[in-house]
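Below: one structure, written as structure tokens.
The values are calculated or read from the model by the stated rules, or taken from the named source; none is laboratory data. Not measured: the values here are computed from a predicted model. Positions of Cβ are generated from backbone atoms using ideal geometry, with glycine treated the same way; all protein chains shown enter the neighbour counts.
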Amino acid sequence: MTSVGAQAIGRGGAFVARASDPTAMAHNVAGLAGVRGWQVTASGYVSLWQHCFARSGRYDAQDRGIVTEGTVFANSQYANGRTPYPEVCNGGGPGVIPQLLVSRSIGSWLTIGGGLLTPAGVASQQFPDRVQTSNGLAPAPQRYQVLSTGVLVVHPTIAAAVQPLHWLRVGAALQPSIARFNGTTVVNAFGSQSPAGDIRTAADAWGFFFAGNLGVQLAPLPWLTIGAHAHINGGPVQLKGQTTATAQYYASDPSRRTTSQFDTEVTLPLPSTLRVGVRAASLRAGAPATMAERDPMRDELFDLEINVSWENTSVMDAVRTRNSGELEFSPGSRFPVTPSAALRKSWRDVLGVRIGGDFNAIREVLAIRAGFAYEQGAQTGQRVWQGQVVETNPDASIDTTAYDNLNVSLGASVRWRWFTIDLAYQHSFVTNNQVDNGRATIVSGLVPVDAAACAMMGPPGPGACTNNRGEYRASLDVFSLGVTARF
């Protein structure tokens, strides 16, 4: 939904054919060959993410195995079969995504660089575990999807780019990367939606993987640049850690809650990305004829760039977990945990278009920029599911934010001698996602339950088998600041 670096964000992400500061390592590593001298960039953004889910249907009634006795809901009347699910929204604070990069040109044809890159995205979410309804306090309707999520990916980056010909640049980057996942959700010991059987689980796992970037830039004409960039993730990431389970989480007497831990391994597929871009620039009188000697803020009046991107997000078919150990449901009552589970995602590959440009209002002092982008959502739209074409994703979930979106951006750069400040703002208009065919089931703490098995079970109500049906809506605001020092 957004990009790395204040300059790129202000251009709507259209930065493949330009890539004119050290953040080229993220957008097109070949562009690093045009970053002259020593340059150090510290950049980051703050994201304000609104994400809400209005689950379809009503809370199951007591005749469907709902037990409220002994829980904080004992005096509530929500389990009467007539209480609609209320909308819930992400209440987490702003997310901060930083980057720190340095580059150094060596001679006229080689530039090396390195630093820490964090991919653009939503850092964390926090949803309630209980809500108020028209019939009293109730457990949150989305609790079997997610209570909280946090994902951190850090790409320590080593990069190099060369310009063997005045019209050609090529580059590559190696990224031995670190990933951390922490997430909290609720499972149910019996496969129903009864709060008496709810178990809060909090997973915290770390993993290491290799990633890398490849890029090329061509300048067939002095005013025209063509670029291509690929970010490649090296296979599914294996994250290892522990899960802390709190049984009888909603017990009215906290002393009845029991806590246990078990080992968890998460297999997380990561997609790769391919971007191509074309950029046209209006050159000032006296501008160098070759891109090797050109500084956009000094030598161009304005430019316009268009990028097209493709991401193979269909590799995110499922997130798989393997568990070992025991879960204590009550003092002295221990059971082996569910050994494995596949959390279906059923994402699709996505395309995106980004258009943006700069206008250098005061030569070498002030540049203003704007851009917009449209990107498909990996978990929204038509796809093939179990051999049939369906209009929406039956495995949609609020733990991820991959919806169709239209982004509008503004930005500016102010330069004083060797120091440049970049500012940017982006707003994302996100398409609502209505899922009427959702088939996400409750995960049992003891026995795996798939959609087919859930539908045949007796006591649980229909909500236990369709807890992701409803409307998903979101919007995103991003404020970015970057500073670059040139020596």
Worksheet item: Are any residues in the stretch 168-196 within 30 Å of SER105 (Cβ to Cβ), in contact with a helix residue (DSSP H, G or I) (Cβ under 8 Å, 6 or more places away or on another chain) and of a type in the set (A, V, I, L, M), and if so, which ones?
Response: VAL170, ALA172, ALA173
Worksheet item: Name the residues in the stretch 311-364 that are among the basic types (Lys, Arg), surrounded by 16 or more Cβ atoms within 10 Å (Cβ to Cβ) and under 30 Å from ARG279 (Cα atoms), would you?
Response: ARG348, ARG354
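Across the stretch 225-253, what is the total count of residues that are within 30 Å of GLY215 (Cβ to Cβ) and assigned to a strand (DSSP E or B)? Walk me through how you get there before you give the answer.
Of the residues in the stretch 225-253, the ones within 30 Å of GLY215 (Cβ to Cβ) are 225-239.
Then keep just the ones that are assigned to a strand (DSSP E or B); that gives 225-233, 237-239.
Of the residues in that region, 12 qualify.
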Worksheet item: Which pairs have Cβ atoms under 7 Å, sit 6 or more apart or on different chains, and link a residue in the stretch 351-362 that is among the acidic types (Asp, Glu) to one that is modelled with pLDDT of 95 or more and surrounded by fewer than 16 Cβ atoms within 10 Å (Cβ to Cβ)?
Response: none
Worksheet item: Here are ALA367, ALA396: which of them is more than 15 Å from the chain's Cα centre (by Cα), of a type in the set (A, V, I, L, M) and buried (at least 24 other Cβ atoms within 10 Å of the Cβ)?
Response: ALA367
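Take TYR472 and tell me if it is aromatic (Phe, Trp, Tyr), surrounded by 22 or more Cβ atoms within 10 Å (Cβ to Cβ) and at pLDDT 90 or above.
On the way: aromatic (Phe, Trp, Tyr): yes; surrounded by 22 or more Cβ atoms within 10 Å (Cβ to Cβ): yes; at pLDDT 90 or above: yes.
Yes: the conditions hold for TYR472.
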Worksheet item: Does ARG348 meet the test of being outside any loop (DSSP other than H, G, I, E, B), free of Cβ contacts under 8 Å to residues at least 60 places away in the same chain and of a type in the set (Lys, Arg)?
Response: no
Practice prompt. Hey, can you tell me all the residues within the stretch 97-147 that are under 23 Å from ASN468 (Cα atoms), surrounded by fewer than 17 Cβ atoms within 10 Å (Cβ to Cβ) and in contact with a Gly (Cβ under 7 Å, 6 or more places away or on another chain)?
Written response: GLN126
Item to complete: May I ask you to list the residues in the stretch 2-39 that are buried (at least 24 other Cβ atoms within 10 Å of the Cβ) and at positive phi?
Response: GLY5, GLY12, GLY13, ALA19
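Report the residue count in the stretch 130-171 for those that are under 17 Å from ALA202 (Cα atoms), of a type in the set (D, E, K, R) and in a strand (DSSP E or B). Step through it out loud before you land on a result.
Keep residues of the stretch 130-171 that are under 17 Å from ALA202 (Cα atoms), which gives 130, 140, 142-152.
If we keep only those that are of a type in the set (D, E, K, R) as well, we get 130, 143.
Add one more test, that the residue is in a strand (DSSP E or B), and what stays is 130.
The qualifying residues number 1.
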Worksheet item: Inside the stretch 220-231, can you point out the residues that are crowded, with 23+ Cβ neighbours inside 10 Å and over 24 Å from ALA120 (Cα atoms)?
Response: THR225
Response to the item:
Checking ARG279, ARG322, ARG334 in turn, the sole residue that is farther than 30 Å from PRO164 by Cβ and within 28 Å of the chain's Cα centre (by Cα) turns out to be ARG322
Fill in: Number of the condition not met by GLY191 [criteria: (1) at negative phi; (2) touching a strand residue (DSSP E or B) at 6+ places or on another chain (Cβ under 9 Å)]
(1)
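Which strands (runs of 3 or more DSSP E) sit wholly inside the stretch 358-449 and have at least 3 residues that are of a type in the set (A, V, I, L, M, F, W, C)?
Numbers: elements: 366-375, 383-385, 388-390, 405-416, 419-430, 433-435.
Passing ranges, in order: 366-375, 405-416, 419-430.
Looking at VAL350, VAL390, VAL384, which is the one that is more than 30 Å from ASP263 (Cβ to Cβ), β-branched (Val, Ile, Thr) and modelled with pLDDT of 90 or more?
Working: VAL390 fails: modelled with pLDDT of 90 or more; VAL384 fails: modelled with pLDDT of 90 or more.
Of the residues listed, the single one that is more than 30 Å from ASP263 (Cβ to Cβ), β-branched (Val, Ile, Thr) and modelled with pLDDT of 90 or more is VAL350.
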Practice prompt. Output the residue which, of all residues in the stretch 111-141 that are hydroxyl-bearing (Ser, Thr, Tyr) and at pLDDT 95 or above, is farthest from SER397 (Cα to Cα).
Written response: THR111
